[in-house]
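The values are calculated or read from the model by the stated rules, or taken from the named source; none is laboratory data. Please read all numbers here as calculations on a predicted model, not as lab measurements. Note: ideal-geometry Cβ built from the backbone for every residue, glycine included; neighbour counts use all protein chains shown. Surface areas here come from the heavy atoms of the whole protein model, side chains and all, with no ligands, DNA or RNA. Shrake-Rupley method; radii C 1.70, N 1.55, O 1.52, S 1.80 Å.
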Amino acid sequence: MDNHKTPAATPPPMNNTFLRPQSEFDAGLNTSTAWTEHLERTSTYQSVSDDEKEEPPKGRPARALYDFEGRADFRELTMKAGDDIEVLKEHLPDGWSLVSIGGEAGLIPTSYYT
């Protein structure tokens, strides 16, 4: 009986054809100041104790003036005129605000709510 073990197969070398090239544009989306500050404030930390609940950030209440179809790839939210929103951070660069709609946070144009 042969007691030789067969060597483990090695994975094939990684082919860079399937990797998406890094671009400065993509890096900017994920590192915007408004978005990273929001993520820091709304961490997914959960206490060991059920008695300790982390409070979500509070903003000022507002109402949507116009319909807006947001693009998820830009972390924008979709809203309808009349929707209740919570403004977390106003007057971000380029006319955007960080808001929460139905518990979901994202960006909408500053001039689209009151």
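Below, the figures for the structure above:
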{"quantity": "Selection status of residue 88, at pLDDT 95 or above and among the hydrophobic types (A, V, I, L, M, F, W, C)", "calculated": "yes"}
{"quantity": "Residues of the stretch 59-86 that turn out to be surrounded by 11 or more Cβ atoms within 10 Å (Cβ to Cβ) and in a loop (DSSP other than H, G, I, E, B), as a count", "calculated": "12"}
{"quantity": "The stretch 90-108 residues that are farther than 17 Å from residue 60 by Cβ, paired with ones that are surrounded by fewer than 23 Cβ atoms within 10 Å (Cβ to Cβ) (beta carbon under 7 Å, 6 or more apart)", "calculated": "95/109; 95/110; 95/111; 104/77"}
{"quantity": "Residue within the stretch 36-58 that is part of a strand (DSSP E or B), of a type in the set (D, E, K, R) and at pLDDT below 95 present", "calculated": "no"}
{"quantity": "Residue 89 vs. criteria open to solvent by 80 Å² or more (accessible area, probe 1.4 Å), within 22 Å of residue 37 (Cβ to Cβ) and either of a type in the set (Lys, Arg) or in a loop (DSSP other than H, G, I, E, B) (or both)", "calculated": "no"}
{"quantity": "All positions within the stretch 92-112 that are small (Gly, Ala, Ser) and open to solvent by 70 Å² or more (accessible area, probe 1.4 Å)", "calculated": "102, 103, 111"}
